[in-house]
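What follows is a set of notes on a single structure, which appears directly below.
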Amino acid sequence: MALDDDMREALDMFVTEARDLVQGLEEGLLELEDQPSGGETVNAVFRAAHTLKGSSGLFGLQHLVAFTHVVETVLGSVRDGTLDVTPGLVSALLPCTDHLSAMIENLARGQLEPDAALAADGTRLLSGLEPYLADGGAMTPARAAPGADAEPHEGAWRLELGFGEDCLRNGMDPLSFLRYLATLGTVTDVVTVTDRLPDAAEMDPESCYFGFQVDLVTAAPKSEIEAVFDFVREDSDIRIVPADSQLDTYVRAIRAMPENDRIGDVLVASGAVTELELAEALRIQQERALRGKTQPVPIGEILIEQGIVQRGIVDAALGRQRRTTETRSQDTRTIRIDAARLDKLIDLVGELVIAQSSTGIPSSSGGETSAEAQGEVMRLVDEVRHSALSLRMVPIGSTFRRFERVVRDVCMELGKEVSLVITGGDAEMDKALVERISDPLLHLVRNSLDHGIELPGERRNRGKTQQGTLRLNAYHDAGNIVIEVADDGRGLDRERILAKAVERELVAPGTPLTDSEVYNLIFEPGFSTAETVSNLSGRGVGMDVVKRNVTALRGSIEVETARGVGTTMRIRLPLTLAIIDGFLVGVGSSSFIVPLDRVTECVELPPGPLVRDCMNLRGEVLPFIRLRQIFGIPGQAARRQNVVIVEQSGQRTGLVVDSLLGELQTVIKPLGILFSRVKCISGSTILGNGEIALILDVGPLIADHSDREQVRQAVPVG
Amino acid sequence: MTAPRRFVVDEELTIVTAADHRQRLLAALGDPNGLSIDLSGVADIDTAGLQLLVMARAEGERLGIPVEFAEPSAAVTEALSLTRLEL
């Protein structure tokens, strides 16, 4: 079915509505599980399914209609009282809501027909609902061809084994590798390459000249085949490529994969490339970029060139990557707005037009009225800005509520009892931020459930309530939004973290560290203390990613924990990404902007020599940083200098500047990739006079400075 | 035409003995009547050994001397089937 523009637009609206309906359906089901007799909830859930079916019908989306119809039929029986709500029923229905979401997301990507994998999934889910269907009167769902069934996945591989000349001398006989490969699966063909064998006179009988091409069919993953050659990898040329006959399988698998915007991850997940090969390819990529000082060669090209994977597979992965980015940009194309907010904005713009026209009228009573009109325009512009920004603000509650499902599923899987308590769900933040913080949050929630909260038995033994509590909380704090994920579990184990960090060589043994420094180690890449790797977390790939994501949003994350009592993860984020209230300061001929929400007060720098860059602030010691010094600004300091006092995580620090230039609404412009490594600067802005001012990133600035202070002060002592 | 010269390979045809075998094979390849390499006694063979056999055949072809292999032992048969080489 071809989509014209009108249809596309209508479909976008349908997708937005359908997402809400499915979420309502899911929330309702979870609520029903807690209170099976909630009559109003039953009605709401039924209506959601009914509406979804109806709208899908309007668009001729038969697969959605057929599937929803069955769900609706089951819910109808619940509403009529002929079917009771049981945990079993809820467990059968919840995956159906996931399936509906998946179909809707496919629609959002413009895919109007279900793909084979999804259809097979749907058929399976519906058969799970059969026991709940009173008379089997459901429409037979449109069944797509099966074929994506989950048979144990056998892969065919082509191994190119170029053993090093010395391998025989090193005691490695290629024949034993061939023998071993036969135990991994079926060796369907071997070609022994004898071309490299020199003439008899020149042949060294102890060198290895043979190479082999082996066709292997095996259920073992590529990494396992790769591991066979661990001992000879260094001086051999071993390539493991999916057999040509398998290309289609990989291409299909990649297409059906969840979203991911990193092509390497897509390839590794598909099994066509191993982590090791990817790491090697990345290394080659970097090396070339360094040597050639050119744009890096795409990683896919390197993998093809190294003979690791065929072009067809890379193309499929690239397609997947492109689709992911497209979906992402689609996410923000439509947005639901509270009509009252939009009305307010339009009102304001109307007022602005009136105020604007009155500034043009020459006043009879001199310049005073004109100045007044000017002031009115300024006020209105400010309000319009606020109101326009608030259009993008959404409450974080809907994101929080999504975790109810996660908590339920994880608890079932791990045999834990946890209740989720949500507070502050009406705290608002930028829609783009909400979307980008939900993955890190999900990870924190899973982490708490998996590692934080103990099993019911263990909790009883420790005298805690059998049921654990996971709290999600959000509140506004000085221009930031703070999101907390708190559990009442076992807390972080300081000693174990430290031991692990020493083992991983993150810190030297015997380093004196404060508690918070120790706890922050969990955010280091590759750090994980979980002794058993569960399929939820514990792979050590989570917390560092969480931290990176949060930092990328100009936020920060901190841990608060007490042994046996629980852990709280606190994420602090700016409310919006676009505009901040700034405080403009001048140093020499340069201008800087300090985010106003960090500024607590301004004082004059006391005259006279000051030891160790500290001053006396009402009887307290206040360390300060001379911006002139830290940014290497030439010229003499002004005769009278000022100190802007900023606060970061409860710590106060002064910034010494020449002049205070006042408040300024600052539109943040990113610095561009050239400056992506610059710390202490979070962006730039253009001032009214056309000059550029850098925006100071207070957190890193202070952290960086106190690090250097510690080093400096440590030297004379050591 | 007289019968090809018999060349008996004893128990081990591996990297340990490869240098010796090479010398002996090269010497034996000087016989224009051809070479029949008896493999019945080979209990142990590895890649180095296989390479020697392939070398012998190639060298024979180069010199125009017929080289044949006789009575491969179980070890040799297994190695040949692993590598899908034919002698």
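The values are calculated or read from the model by the stated rules, or taken from the named source; none is laboratory data. The model shown is predicted, which means the values in this text are computed figures rather than measured ones. Neighbour counts are summed over all protein chains in view; Cβ atoms, including those assigned to glycine, are modelled from backbone coordinates with ideal geometry. These area figures cover heavy atoms from the full protein model, side chains too; ligands, DNA and RNA do not enter into them. Shrake-Rupley method; radii C 1.70, N 1.55, O 1.52, S 1.80 Å.
Summed over the range A:596-625, the residues that are touching a helix residue (DSSP H, G or I) at 6+ places or on another chain (Cβ under 7 Å), open to solvent by 20 Å² or more (accessible area, probe 1.4 Å) and assigned to a strand (DSSP E or B) give a count of 1.
Residues in the range B:1-48 that are within 20 Å of A:Leu178 (Cβ to Cβ) and in contact with a Pro (Cβ under 7 Å, 6 or more places away or on another chain): B:Ala18, B:Leu39, B:Thr47, B:Ala48.
Restricting A:Gly415, A:Gly397, A:Gly366, A:Gly350 to residues that are loosely packed, with under 15 Cβ neighbours inside 10 Å, at pLDDT 85 or above and over 29 Å from A:Leu664 (Cβ atoms) narrows the list to A:Gly415. For the range B:1-48, the tally of residues that are touching an Asp or Glu at 6+ places or on another chain (Cβ under 8 Å), within 18 Å of B:Thr77 (Cβ to Cβ) and more than 9 Å from chain A (Cβ to nearest Cβ) stands at 14. Quick check, is A:Arg169 open to solvent by 40 Å² or more (accessible area, probe 1.4 Å) and within 12 Å of chain B (Cβ to nearest Cβ)? Considered against the rule, which asks whether it is open to solvent by 40 Å² or more (accessible area, probe 1.4 Å) and within 12 Å of chain B (Cβ to nearest Cβ), A:Arg169 comes out as yes. Given the criteria outside any strand (DSSP E or B), buried (at least 16 other Cβ atoms within 10 Å of the Cβ) and away from every other protein chain (no Cβ under 14 Å), does A:Glu206 qualify? Here the answer is no, as A:Glu206 does not meet what is asked. Assessment of the range A:36-55 against the conditions (under 34 Å from the mean Cα position of the chain (by Cα) and of a type in the set (Asp, Glu)) yields no matching residue.
Can you pull out the residues in the range A:403-461 that are small (Gly, Ala, Ser), touching a Phe, Trp or Tyr at 6+ places or on another chain (Cβ under 8 Å) and on the phi < 0 side of the Ramachandran plot? Even if it seems obvious, please write down each step before you answer.
So in the range A:403-461, the residues small (Gly, Ala, Ser) come out as A:415, A:419, A:424-425, A:427, A:432, A:438, A:448, A:452, A:457.
Okay, now just the ones that are also touching a Phe, Trp or Tyr at 6+ places or on another chain (Cβ under 8 Å), so A:424-425, A:427.
Scanning the range A:403-461 gives A:Gly425, A:Ala427.
Among residues that are more than 8 Å from every other protein chain (Cβ to nearest Cβ) and either among the charged types (D, E, K, R) or surrounded by 21 or more Cβ atoms within 10 Å (Cβ to Cβ) (or both), B:Glu68 is included.
Within the range A:561-613, being in contact with a strand residue (DSSP E or B) (Cβ under 9 Å, 6 or more places away or on another chain), closer than 29 Å to A:Asp450 by Cα, of a type in the set (D, E, K, R) and at pLDDT below 90 holds for one residue alone: A:Arg572. From the list A:Val193, A:Val214, the lone residue that is touching an Asp or Glu at 6+ places or on another chain (Cβ under 8 Å), surrounded by 14 or more Cβ atoms within 10 Å (Cβ to Cβ) and among the aliphatic types (A, V, I, L, M) is A:Val214.
Looking across the range B:49-65, the residues that are among the charged types (D, E, K, R) and either away from chain A (no Cβ under 11 Å) or in contact with a strand residue (DSSP E or B) (Cβ under 9 Å, 6 or more places away or on another chain) (or both) come down to B:Arg57, B:Glu59, B:Glu61. Within the range A:86-109, track down each residue that is open to solvent by 30 Å² or more (accessible area, probe 1.4 Å) and either within 25 Å of the chain's Cα centre (by Cα) or aliphatic (A, V, I, L, M) (or both). Within the range A:86-109, A:Pro95, A:Asp98, A:Ser101, A:Ala102, A:Glu105, A:Arg109 qualify.
The single condition among (1) in a helix (DSSP H, G or I); (2) open to solvent by 50 Å² or more (accessible area, probe 1.4 Å) that A:Asp426 does not meet is (1). Just checking, does the range A:252-271 include any residue being modelled with pLDDT under 80, touching a strand residue (DSSP E or B) at 6+ places or on another chain (Cβ under 8 Å) and assigned by the TED database to the domain that holds A:Arg169? Scanning the range A:252-271, I find at least one residue that is modelled with pLDDT under 80, touching a strand residue (DSSP E or B) at 6+ places or on another chain (Cβ under 8 Å) and assigned by the TED database to the domain that holds A:Arg169, so the answer is yes.
Among the residues of the range A:175-191, those that are of a type in the set (S, T, N, Q) and either part of a strand (DSSP E or B) or facing another protein chain (nearest Cβ under 9 Å) (or both) comprise A:Ser176, A:Thr186, A:Thr188.
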